[in-house]
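S.K.: Below is the structure I would like to discuss, written out as structure tokens.
Each value in this text was obtained by applying a stated rule to the coordinates, not by laboratory testing. In this text the structure is predicted, and so the values were computed from the model without any measurement. Here the Cβ positions follow ideal geometry from the backbone for every residue, glycine too, while neighbour counts run over all protein chains shown.
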Amino acid sequence: MDVLIQIVASGLTLGAMYAVATIGLSLVYGSLNMLNMAHGAILTLGGYICYAAIVHAGLHPVLALLAAALVCALVGLLIYFSAALPLLRAENFETNIFIATIGIGSVIENLMLKGFGPYPIPQPLAVDGQVVIGNVHIPLQNVFILGVAIVLMAAVAILLQRTSTGRAIRATSMNREAAQLMGVRVGRVYAQVLALSGALAAVSGIMISSIATLTPVMGGDPMLKAFIVCVVAGLGNVYGAVIAAIALGLLEAATQYVLGVRWSFATLLLLVILVLIWRPYGLFGKQQVVRL
Amino acid sequence: MVDAALDIINASAGYSGRIVLDAIKLSARKGELTAIVGPNGHGKSTLLKAISGLVPVTSGEIRLDGLRIDRLRPDQIVERGVIQVPQGDLLFPAMTVHENLLMGAYANSGRLAERLDFVFTLLPRLKERRNQTAGTLSGGERRMCGIGRGLMAGGEVLMLDEPSLGLAPIVIEHIYEVIFNLRREGRTILLVEENAERIAEHADMIHLLDNGRIAWSGLGAELMARPEIVETYLGV
Amino acid sequence: MTSTRRDILIGVVCLALAIALPLVMPGRYIITQSTLFFIWAIIVVQWNLVLGIGGIFSLAQMALFATGAYATAMLGFYWKMPMLAAIPMAGVVSVAVGMLIGLACLRLRGPYVALLTLAIAQVMYVLIVNDTDCFTTTGGCMPLFGGVRGIGQFGDIGLRALFPSKWYIAHYYVGLALLAVAVTISIVVIRGPLGLAFRALRDNHGYAMSRGISRFKYQLWIFAVSAFFTGIAGGFYAVHFRVVGPTVFSFSTLLFLIAMIVIGGLGSIWGPLLGAAVLMLADEGMRELSDYRNIGLGLLLAVFVIAWPNGLNGWLQRSRAGRD
């Protein structure tokens, strides 16, 4: 029983962090058809900015978090204007933007390597203390993360469902031409989505580094996992991605316990491969009818 | 020209190097139903897309109430009141009927409740299905939702691309009843239709589009009186 | 001049120049760098078959290269197999792995393939690096796949023994020969019926399928064909550098290769080679900047793709077309 609580606790925390990292990716792919390979670097950037804001600028942790989110939102905008916008005018957008963002991500990551050095730094935005359930001690930090994640996801859900901006984003994802005919300025939607994705990545990066540590290359793994979550859920399906993220977190916690950390990623991947062979469009994705 | 809402003046348009429309000259007069007919694949949809700003106009002009709109962004054209109900509806499948209608009012959200009322009165089936996801509607209901969505925008000129496409005859009649009602109420309507017979009676002006050019223009009655045109171009 | 004749002409000229190089500039640095260039060029040319011609968004090429390298090293280390046998075997192993990956990606489209292949490569890397159990203790603790330190002492193809002071020139010619064969195969595939089928599948796969071209069969074929020489390149890399470690999975190398194929132009025959040459030269230029190398590389890649979405080769073709 204790083991179960432990696994669920870690699993939910992991899942929450993945979910926050994934929402942005899913929105960006859904509306833009863009796989943002710089996402991991932005996530890492968020963690470092938060660190620098607290340690070097003496900001209050909440302000530091906001600062990180803001900076990363701006980076998202920068990516829109410098890469997505010009490439949307040419052919092969999907491939080109994939590669361009690989380059951009590498630049960001190496700038952080240059600026902060390769050695792990602890993330100062952390809460001490524990919550005790039965015989199990759960770090308060985990509960905190879960709380923040829930709040964020609720906020995003409200944005998407109840505001006209959110409706415009959903409409653009579903049918870009129709959205244009409704008077939606799709360019602005793209910029908004990339900015939002950046901010969410920053928060996710802060969360992840608060449990692990800050290193310049920490973004690669979470990004890959976030992508896997998106793929399993069906790219573009935001709500499915959240569910899949939590499931992935639980699964990872379970396999880590049973098989050890080393094998958990491999097992996860095997499962994902099997899922994709069984359902090539993801668990919740719908096959797109291609009109020939 | 006082009466023209929409003027297309020697406009050519096309996709990446391929010219689809060649020096089109026609007007949609205020309060009238102007129809574009012709065989499929000859540019009718492209014309509407060019007016809506989705396909670039390579030469010539398009004017709304005398002001040029051919260089504007699609969202700007919608803001100025030129609304298109596209071919195949292009509804937002995961949104409800209600949300689709709300999207219709995106560019012009004033008097929302009033306009929703108007649409629901005109198309009562939509009211019944207002919380249903658009992807689950029947063909006729989808068409109605598309038209309702177009009406939510208010707007000066309503353009419809093949409203009868893929529907059963009885449904088509109902759809056209709605359209002709709108015409009677004084809306400016630009209609693209493959089957000219159906609208010949009601259209104030018919233009025949063949191979990207206007091959014939005139009144509906005139068209029906010229069976050779009907046969050559409309292959009925 | 027909395009095939032009290809042959270009090929012969390049080959002649390459053969002449060591006679003109026998400096060790240039020769060994050129040999490295050959290895990367082989990978990129084969990768082009999958990515550019097949239109399959696979990032697995690095993993296949690593498979070839590791297979060679392990065959030599554990079974004492002579390298001249091990390297072709490694090619076969790579084909098997390549076909498995092809199978996994079969029903997937576009970005899904990219993610999956990236994930597969990452998992391989993680498995190798995190393995700390000692599989063998001869000469110190070594995990099954060599762990972080890698595998060494698995043998040689014998040229070091034959030409003690000039072995690197011998390796240069071996690399050149392998590249020449790889490029020839690439041309044969692209200009032949296989290439036509791939292009049909990529450009309009619904129609292609209705004409009987089976995506299944051709997708597996292209993975297999491209994997063989990639694996061989891995084997050659192994004997050239005499140690194989997890750095073959390094992301900066993947970045380097992506830049080559993108800048040179996807889908063209000579594009990847051009891209490889350009990038090796750029890398030389940036060598002074050591720290900033990766930043420079990333920037170069991003700027290039944004400014010229069709790559160097496409640009050359368009300017040639403009002149005609």
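S.K.: For each pair in C:80/C:166; B:49/C:217; A:225/C:217; B:49/B:127, compute the distance between the two Cα atoms and list the pairs where it is over 32 Å.
M.R.: B:49/C:217
S.K.: Moving on to the next point. Beyond 21 Å, what share of the Cα-Cα pairs of the range A:1-92 is found? Please give it as a whole percent. Can you show the working numbers first?
M.R.: Working: 2029 of 4186 pairs.
In whole percent, the long-distance tail amounts to 48.
S.K.: Still on this model: Would you order A:167, C:293 from fewest to most other beta-carbon atoms within 10 Å of each residue's own beta-carbon?
M.R.: C:293, A:167
S.K.: Quick check on the exposure proxy: order C:37, C:65, C:241 from fewest to most C-beta atoms within 10 angstrom.
M.R.: C:241, C:37, C:65
S.K.: Show the residues, 5+ positions off or on another chain, whose built amide H is closer than 5 Å to the amide H of residue B:209.
M.R.: Distant-sequence amide H within range of residue B:209: B:37, B:38, B:215.
S.K.: Spelling out what I want: for every residue of the range A:56-65, take phi, set θ = phi - 60°, compute 6.51 cos²θ - 1.76 cosθ + 1.60 (Karplus), and round to whole Hz; glycine and proline get x.
M.R.: In residue order, the calculated couplings are 8, 9, x, 6, 5, x, 5, 4, 4, 4 Hz.
S.K.: Related question: Report the residues of the range B:10-41 in range of a label on residue A:89: point 7 Å along Cα→C-beta, backbone N strictly under 15 Å from it.
M.R.: B:16
S.K.: Which ordering of B:145, C:105 is given by a fewest-first count of other beta-carbon atoms within 10 Å? Please list the in-between numbers first.
M.R.: Working: B:145 29, C:105 25.
Going from sparsest to densest Cβ surroundings: C:105, B:145.
S.K.: Turning to a different aspect of this structure: What list of whole percents do you get for P(r) of the protein assembly as shown, with Cα-Cα distances grouped in 10 Å bins up to the one holding the largest distance?
M.R.: 2, 11, 19, 21, 18, 14, 9, 4, 1, 0, 0
S.K.: Non-local amide H neighbours of residue C:81 (under 5 Å, H modeled in plane, Pro and chain starts lacking H): which ones?
M.R.: Under 5 Å from the amide H of residue C:81: C:76.
S.K.: Please identify, among C:43, C:128, C:232, the residue showing maximal mean-square fluctuation in a Gaussian network model of chain C using a 10 angstrom Cα cutoff.
M.R.: Checking each option, the largest mean-square fluctuation is seen for C:128.
S.K.: What nm distance separates the two modelled labels at residue C:28 and residue C:200, each placed 7 Å from Cα along Cα→Cβ?
M.R.: 5.4
S.K.: For the range A:257-263, just list the computed ³J(HN,Hα) in residue order, Karplus coefficients 6.51, -1.76 and 1.60, θ = phi - 60°, integers in Hz, with x standing in for Gly and Pro.
M.R.: Ordered by residue, 3J(HN,Hα) equals 5, 6, 9, x, 4, 4, 8 Hz.
S.K.: With a cap of 10 neighbouring Cβ atoms within 10 Å, and only residues DSSP puts in a loop, list the trypsin sites (Lys or Arg not before Pro) found in the range C:33-131.
M.R.: Values: sites: C:80, C:107, C:109; in loops: C:80, C:107, C:109.
The qualifying sites are C:80.
S.K.: I'd like the antiparallel share, as a percent to the nearest 5, of DSSP beta bridges with both residues in the protein assembly as shown. Each step should come with its number before you reach the end.
M.R.: Working: 30 of 48 bridges.
Bridges in the protein assembly as shown that DSSP calls antiparallel: roughly 60 percent.
S.K.: Also: What FRET efficiency comes out for the pair residue B:73/residue C:149, r = Cβ-Cβ distance, R0 = 41 Å, nearest 0.05?
M.R.: Computed FRET efficiency for residue B:73 and residue C:149: 0.10.
S.K.: What residues have an amide H closer than 5 Å to that of residue B:32, excluding those fewer than 5 places away on the same chain, when H is modeled at 1.01 Å from N in the peptide plane?
M.R.: Hits under the 5 Å cutoff: B:189.
S.K.: Using the Kirkwood formula on the Cα atoms of the range B:1-158, what hydrodynamic radius do you get, in angstrom to one decimal? Please list the in-between numbers first.
M.R.: Numbers: mean 1/r = 0.0604 Å⁻¹.
About 16.6 Å, per the Kirkwood formula over Cα pairs.
S.K.: Shifting gears a bit: Which residue fluctuates most in the GNM of chain C (Cα springs below 10 Å): C:67, C:35, C:253?
M.R.: C:253
S.K.: Also, I was wondering about something else. Based on the alpha-carbon gyration tensor of the range A:2-278 and its eigenvalue square roots a ≥ b ≥ c, which shape applies: rounded if a/c is under 1.5, prolate if not and a/b is larger than b/c, or oblate?
M.R.: Numbers: a/c = 1.60, a/b = 1.33, b/c = 1.21.
Taking the square roots of the gyration eigenvalues as a ≥ b ≥ c, the range A:2-278 is prolate.
S.K.: What is the Å³ per residue value for the convex hull set by the Cα atoms of the range A:9-165?
M.R.: Hull volume normalised by residue count: 141 Å³.
S.K.: What are the equivalent ellipsoid semi-axes of the range C:29-249, built from the alpha-carbon gyration tensor (square roots of five times its eigenvalues), in whole angstrom, biggest first?
M.R.: Working from the Cα gyration tensor, I get semi-axes of 32, 22, 13 Å.
S.K.: In the range A:18-65, what is the volume of the convex hull around the alpha carbon atoms, normalised per residue and reported in Å³?
M.R.: 81
S.K.: Applying the Karplus parametrisation 6.51 cos²θ - 1.76 cosθ + 1.60 with θ = phi - 60° to the phi angles of the range C:188-195, what ³J(HN,Hα) value in whole Hz is obtained for each residue in order, glycine and proline being reported as x?
M.R.: 3J(HN,Hα) across the range C:188-195, in whole Hz: 4, 5, 5, 8, x, x, 4, x.
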